[in-house]
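Chemist: Before I ask anything, here is the structure I am working with.
The values are calculated or read from the model by the stated rules, or taken from the named source; none is laboratory data. Since the structure is predicted, the reported quantities are computational estimates derived from the model, not experimental observations. Because the Cβ atoms are built from the backbone with ideal geometry, glycine has one as well, and the counts that use them run over all protein chains shown. Surface accessibility is based on the protein's heavy atoms, side chains included, excluding ligands, DNA and RNA. Shrake-Rupley method; radii C 1.70, N 1.55, O 1.52, S 1.80 Å.
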Amino acid sequence: FDPRHYLGTHCYGWPKTGSHRLRFLLESVKDLRDTLKKKGSTLVVRKGKPEDVVCDLITQLGSVTAVVFHEEVRGTL
């Protein structure tokens, strides 16, 4: 979870993620983790800036051969 997603927007100062969306995200992540657990896998969840968290995870895991990610698409007004 990137803390920057829970701050105000750069245009109007409104929350990017309100309480209902946050609850939905948390419930979805919990459900995904539970589903993966039933299949013998797991889900790593971290809070922080992705550029820091991913680097830390790679260091912890040690044998990472690839990292895949997506970038948020931002519209222009």
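Chemist: Residue by residue through the stretch 40-62, note down the ones that are of a type in the set (A, V, I, L, M), open to solvent by 70 Å² or more (accessible area, probe 1.4 Å) and outside any loop (DSSP other than H, G, I, E, B).
Modeler: Listed by number, the list holds a single entry, Leu61.
Chemist: What's the number of the only condition in (1) surrounded by fewer than 11 Cβ atoms within 10 Å (Cβ to Cβ); (2) modelled with pLDDT of 90 or more; (3) not in a helix (DSSP H, G or I) that Val73 fails to meet?
Modeler: Tallying (1) surrounded by fewer than 11 Cβ atoms within 10 Å (Cβ to Cβ); (2) modelled with pLDDT of 90 or more; (3) not in a helix (DSSP H, G or I), Val73 fails exactly one: (2).
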